Amino acid sequence: MNWGDVLKTAFDLGTSIAGIVFRAIQNGDTSALDDLRKILKSPEDIQRLDEALIHAQRRKAEMKFEGNV
Amino acid sequence: MLRKVVLLIVLLTASFGANCSSVRPVVQTVIVAAGSAVQTLHTRHQETYTAATDALRQRSASLADYDRDVVSINAAFRARSHALSLASASLYGAASILDATRQNSAPGQYLAAAEAVLGVLEPALQVLRDGSVLPAVPIPTDVTNVISQLRALVRSLGGTSAPVSDGGAE
C-alpha cells in the first residue's frame, strides 16, 4: 500500500485522519518542535500569561472601586 | 467513528511496516494537532476566567468583597493552568522524542510519548470540565477528536487505550 492508497482508504472511510495523513505528506521531514512552537505556548508561558490575567483582572477591580471605571 | 479511526491507523501502521520512518510524520501530525487543541483549550480557559471575574467585579460592593470571593476562583484557575501547562510540557516532550528519532524510527518511543500525552491531556480535560467553582470550560469537538486520534495512535503502536468519551464536547 502506498501513500495514495492510504489516502484513498482514509477518504473512503470518511475520517478526519485523512487530513492528518495529507498534512504529514505535505510537511515532509519537518521538526516537530518547530511545528509545535508555531501553535502552542510553552508550559512556562501558559502559567505566566495566566498569572498576568489574574493581575489584570484584579487591576480592573481596583480601578472600578477607585472610581476610575 | 472511533472504530474507523482505529482501523485506519492500523492500516497506516501496517502499510508503513516496510518503511517505519514513514510512521513518524503521522505521529508528528497527531502531536501537533494535539498542540493546537491544547492552545484552543488555553484560550477558552482564559475566556472563562475573564467572564467569571468580570461578573464578580460587577456584583462586588467593594474591593475587599472582590478579593475575598476571587480567592477560590483563582485557586481553580491556577489548577486548570497547571493542568494545561503539564499538557504543554508533555507535548513538547513528545516533539523532542520525534525530533531525536528523525534518522531512526522508534515506535516504542512514539508509544511512550503518545501515552504520556494522553496521560496528562485526559486529566486536564477533567479539571477543565469541573464547574464547581469556575464555570466548566467549553470543550470543542476538535479537541475530543484529537484525543480519539491519540487513543487510536496508542493502540496502533501496541499500547492500550479505553474507548473515548466526548462528554461535554460542543
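The values are calculated or read from the model by the stated rules, or taken from the named source; none is laboratory data. Computed from a predicted model, the values in this text were never measured in an experiment. Please note: Cβ atoms are built from the backbone with ideal geometry, for glycine as well, and neighbour counts cover all protein chains shown.
From the list B:127, B:137, pick out the single residue that is at pLDDT 95 or above and in a loop (DSSP other than H, G, I, E, B). Before you say what the answer is, go through the steps one by one.
Details: B:127 fails: in a loop (DSSP other than H, G, I, E, B).
Exactly one of B:127, B:137 is at pLDDT 95 or above and in a loop (DSSP other than H, G, I, E, B), namely B:137.
Would you check if residue A:20 is at pLDDT below 80 and assigned to a helix (DSSP H, G or I)? First the steps, then the outcome.
Values: at pLDDT below 80: yes; assigned to a helix (DSSP H, G or I): yes.
Yes; evaluated as a whole, the condition is true for this residue.
Looking at A:62, A:66 in this structure, which one is under 30 Å from residue B:78 (Cβ atoms) and modelled with pLDDT of 95 or more? Talk me through it step by step, then tell me what you get.
On the way: A:66 fails: modelled with pLDDT of 95 or more.
Step by step, each of A:62, A:66 is checked, and only A:62 is under 30 Å from residue B:78 (Cβ atoms) and modelled with pLDDT of 95 or more.
Only one residue in B:143, B:120 is farther than 30 Å from residue A:61 by Cα and within 11 Å of chain A (Cβ to nearest Cβ), so which one is that? Quick ask: steps written out before the conclusion?
Numbers: B:143 fails: within 11 Å of chain A (Cβ to nearest Cβ).
Going through B:143, B:120 in turn, the sole match is B:120.
Please indicate, with yes or no, whether at least one residue in region B:89-100 is under 15 Å from the mean Cα position of the chain (by Cα) and of a type in the set (Ser, Thr, Tyr). Steps first, please.
The first filter runs over region B:89-100 and keeps only residues under 15 Å from the mean Cα position of the chain (by Cα), leaving B:89-95.
Within this subset, residues satisfying the condition of being of a type in the set (Ser, Thr, Tyr) are B:90, B:92.
Yes, region B:89-100 has at least one match.
Taking region B:53-63, which residues are in a helix (DSSP H, G or I) and at the interface with chain A (Cβ under 9 Å from one of its Cβ atoms)?
Filtering region B:53-63 for residues in a helix (DSSP H, G or I) gives B:53-59, B:63.
Selection gives B:53, B:54, B:56, B:57, B:58, B:63.
With respect to residue B:69, is the statement that it is charged (D, E, K, R), more than 22 Å from residue B:148 (Cβ to Cβ) and within 10 Å of chain A (Cβ to nearest Cβ) true?
Values: charged (D, E, K, R): yes; more than 22 Å from residue B:148 (Cβ to Cβ): yes; within 10 Å of chain A (Cβ to nearest Cβ): no.
So residue B:69 does not fit the description; no.
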